[in-house]
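Have a look at the structure below, then the notes.
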């Protein structure tokens, strides 16, 4: 209903609203949701929330995957595994946002499931690596600083990504078989950040960390499908 203040009549639609990145600090998650709702899929809210919730199942599955493997193999090789998964995830998001791959509910649910697994695997490896490298004397102070800096990064960078997404709202460029819009550019930018992170992980020097051959040998020996097929 239009409202009246003095001699001026206005409706809710005439009131300017703040950008989405400032209304919601979790703009990186909203980028996925807005892309699915505003894209060709036009999904209802319940499907969007269900797809987003599946990533927690993937995160819980990382507990089974890591188990004693993290102590046996070390953090560095498993971080490479999670980074490889994340590269495939971001390539999939970029393809869907750019119109190269069809947007389907099972595909998005699968991507969210794998992303939850990859995120928790990398984060657990990072925490273990930090715990093993910090001396006992200053461990409490280090982890206090570590948690504060991590929380600031989690709070600030989604806002920056959200501002960038709002600024590129009118961008439409066809190149390399993709439509480079605000979302495909966003995912491609995350892919560039991930490549830089891969270089930094490659420079890590972790004692008693398994190499690629030992990692693959462990996957084959401790594969639950192998025990299941013997039965």
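Every read-out reported here was derived from the displayed coordinates using simple, explicitly stated rules and does not represent laboratory data. Keep in mind it's a predicted model, so treat the numbers as computed, not measured. Glycine gets a Cβ as well: all are built from the backbone with ideal geometry, and neighbour counts include every protein chain shown.
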Of the listed residues (97, 102), the one being without any contact (Cβ under 8 Å) to a residue 24 or more places away in the chain and closer than 25 Å to residue 49 by Cβ is 102
May I ask you to list pairs of residues, at least six apart or on different chains, whose Cβ atoms are under 9 Å apart, with the first in segment 152-167 being farther than 12 Å from residue 186 by Cα and the second being part of a helix (DSSP H, G or I)? 157/28; 159/21; 159/22; 159/27
Those residues of segment 128-142 which are surrounded by 15 or more Cβ atoms within 10 Å (Cβ to Cβ) and under 26 Å from the mean Cα position of the chain (by Cα), in sequence order: 128, 129, 142
Which one is farthest from residue 73 (Cα to Cα), of the residues in segment 203-223 that are surrounded by 11 or more Cβ atoms within 10 Å (Cβ to Cβ) and free of Cβ contacts under 8 Å to residues at least 24 places away in the same chain? 223
